[in-house]
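S.K.: Below is one structure. I have some questions about it.
The values are calculated or read from the model by the stated rules, or taken from the named source; none is laboratory data. These numbers come from a predicted model, not from an experiment. Using ideal geometry, Cβ is built from the backbone for each residue, glycine included, and neighbour counts are taken over all protein chains shown. The area values use the complete protein model at the heavy-atom level, side chains included, leaving out ligands, DNA and RNA. Shrake-Rupley method; radii C 1.70, N 1.55, O 1.52, S 1.80 Å.
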Amino acid sequence: MLPIEVQRSATPKTRPAPEGLGFGKYFTDHMFRMDYSPERGWHQARILPHGPLGLDPGAAVFHYAQAVFDGSKVFRGKDGQLRAFRVLDHSKRLAASAERLAMPPVPPEVAREAIEALVKVDADWVPSAPGTSLYVRPVVMASEAFLGVRPADKYIFFIILSPVGSYFSGGAEPVRIWVEQQHTRAAPGGLGGAKAAANYAAGLQASVEAKKRGYAQVLWLDALEHRYIEEVGTMNLFVRIGDELITPPLDGTFLPGITRESVLTLLRDWGTKVSERKLSIDELREAHKKGELREVFGTGTAAVISPVGALGFQEGQLVIGDGKVGELSKRLYDTVTGIQYGTQPDRHGWMTLIK
Ligand SMILES: *Cc1c(COP(=O)(O)O)cnc(C)c1O
């Protein structure tokens with residue numbers, strides 16, 4: 001067990017009302033912090049009041065974007081119990097992301113313990129209204145004040161917590177997605193496979209343009225040919241053609257989502273035909289023409305399953321499944337959230353009870 005010093009906040013905040021939570025607007029009373037130096041490695045694990053980090057403006061993170069993060073959730077079940085979803089898998093991914101950016105990884109067991117210890121301190125911040133949860137955001141970033149270009153030699157690992165609302169107040173509404181044919185998000189050999197802050201910066205301009213056109217998010221195509229489907233916004237993508245469920249294979253250009261992996265596991269449990277294979281935009285249009293394009297949805301921690309109702313192109317749009325939520329999208333959403341809130345059996349050991 002990691003020794004963690006706890007300094008409690010002297011000025012606890014009032015809890016926000018569950019209806020107005022939204023996503024990432026409120027923070028709990030505490031945060032976790034640990035520091036890295038070449039001499040001491042990761043050291044001084046502590047929980048302290050949520051507040052500024054106190055960084056030098058020369059800190060490498062501000063100049064060369066050496067920063068990675070992750071995101072997972074803790075749920076309060078009907079039974080009052082707190083359950084964290086796949087917290088060790090999220091911690092392993094944080095370590096892998098850090099290594100891709102030449103940063104010292106936080107050992108996954110340490111990150112997991114830190115998350116659980118922090119959630120215990122702020123346990124009464126986990127909301128209980130249906131669809132709400134506590135979002136956990138760990139970050140590793142370079143803190144050394146130095147402008148030479150090389151990996152920094154000082155880092156901070158911190159974790160903050162945010163109570164979040166139901167992504168779909170009033171049921172899942174299919175979203176309209178713009179198929180992006182100019183911008184690219186990540187190229188082969190790049191950072192796409194890591195949850196790097198820089199990937200998000202790369203995608204913002206295209207998402208602003210998509211919103212101006214009346215679309216909620218962007219569908220990213222491969223960087224080389226602009227033909228193959230990769231991700232939707234910051235979610236992994238699944239397409240149902242006839243009875244086959246297709247998702248692109250992990251090739252390092254997009255993130256290995258934990259929701260993606262959970263959905264693949266459930267689909268295989270159910271005996272659904274699933275393929276991890278390349279899918280071109282031409283094949284998608286062809287399937288639509290033949291009336292075989294039945295469902296399209298994104299997967300990610302924030303929304304779990306986000307149904308896509310229409311895909312927009314320069315030349316017009318494809319409406320999917322009459323713009324309604326598909327049968328498998330609904331079943332997957334109900335099953336994953338059932339496991340998370342403890343109303344469905346956790347056959348794969350995804351949940352950790354936090355006591
Ligand atoms: C976080 C993220 C996802 C989804 O991953 P989950 O582990 O399912 O939350 C997908 N794509 C990108 C680019 C992401 O950053």
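S.K.: Which one is nearest to the ligand (Cβ to nearest atom) among residues in segment 79-96 that are surrounded by fewer than 23 Cβ atoms within 10 Å (Cβ to Cβ) and small (Gly, Ala, Ser)?
M.R.: Filtering first and then ranking leaves ALA96.
S.K.: Those residues that are in contact with a His (Cβ under 9 Å, 6 or more places away or on another chain) and open to solvent by less than 10 Å² (accessible area, probe 1.4 Å), I need them from segment 242-263; list them, please.
M.R.: Listed by number, the list holds a single entry, SER262.
S.K.: Further question: Between a residue in segment 276-303 that is closer than 30 Å to GLY22 by Cβ and any residue that is open to solvent by less than 10 Å² (accessible area, probe 1.4 Å) and away from the ligand (no atom under 16 Å from the Cβ), which pairs come within a Cβ distance under 6 Å, given they are 6 or more apart or on different chains?
M.R.: VAL296/ILE320
S.K.: Quick check on segment 231-241: of everything there that is open to solvent by 20 Å² or more (accessible area, probe 1.4 Å) and modelled with pLDDT of 95 or more, which residue is nearest to the ligand (Cβ to nearest atom)?
M.R.: Going through the qualifying residues, I end up with MET235.
S.K.: Moving on. Identify, by number, the condition in (1) closer than 20 Å to LEU82 by Cα; (2) away from the ligand (no atom under 16 Å from the Cβ) that ALA303 doesn't meet.
M.R.: Among (1) closer than 20 Å to LEU82 by Cα; (2) away from the ligand (no atom under 16 Å from the Cβ), ALA303 violates only (2).
S.K.: Restrict the check to segment 200-209 and report whether at least one residue is within 16 Å of the ligand (Cβ to nearest atom), under 26 Å from ALA67 (Cα atoms) and of a type in the set (Val, Ile, Thr).
M.R.: Looking for residues that are within 16 Å of the ligand (Cβ to nearest atom), under 26 Å from ALA67 (Cα atoms) and of a type in the set (Val, Ile, Thr), one finds none in segment 200-209, hence no.
S.K.: Shifting gears a bit: May I ask you to verify whether VAL274 is closer than 24 Å to LYS78 by Cβ and at pLDDT 95 or above?
M.R.: no
S.K.: Among the residues of segment 312-347, write down those that are more than 19 Å from GLY233 (Cβ to Cβ), open to solvent by 60 Å² or more (accessible area, probe 1.4 Å) and among the hydroxyl-bearing types (Ser, Thr, Tyr).
M.R.: Hit for segment 312-347 is THR343, nothing else.
S.K.: Pairs, please: C-beta under 6 Å, at least 6 apart or cross-chain, first residue farther than 20 Å from PRO307 by Cβ and outside any helix (DSSP H, G or I) and in segment 251-263, second within 8 Å of the ligand (Cβ to nearest atom) and open to solvent by less than 20 Å² (accessible area, probe 1.4 Å)?
M.R.: Sorted first by the residue in segment 251-263, then by its partner, the pairs are THR253/GLY192.
S.K.: Could I ask something else about it? Which one is most open to solvent (accessible area, probe 1.4 Å) among residues in segment 210-227 that are outside any loop (DSSP other than H, G, I, E, B) and within 16 Å of the ligand (Cβ to nearest atom)?
M.R.: GLN217
S.K.: A further question follows. Across segment 121-148, what is the total count of residues that are touching a Lys or Arg at 6+ places or on another chain (Cβ under 8 Å), closer than 19 Å to ASP70 by Cβ and open to solvent by 20 Å² or more (accessible area, probe 1.4 Å)?
M.R.: 2
S.K.: Give the number of residues within segment 340-355 that are within 18 Å of the chain's Cα centre (by Cα) and over 17 Å from ARG112 (Cα atoms).
M.R.: The number of residues fulfilling the criteria is 1.
S.K.: Which residues, taken from segment 45-63, are open to solvent by 20 Å² or more (accessible area, probe 1.4 Å) and either in contact with a Lys or Arg (Cβ under 7 Å, 6 or more places away or on another chain) or under 10 Å from HIS30 (Cα atoms) (or both)?
M.R.: Result: ARG46, LEU48, PRO49, HIS50, GLY51.
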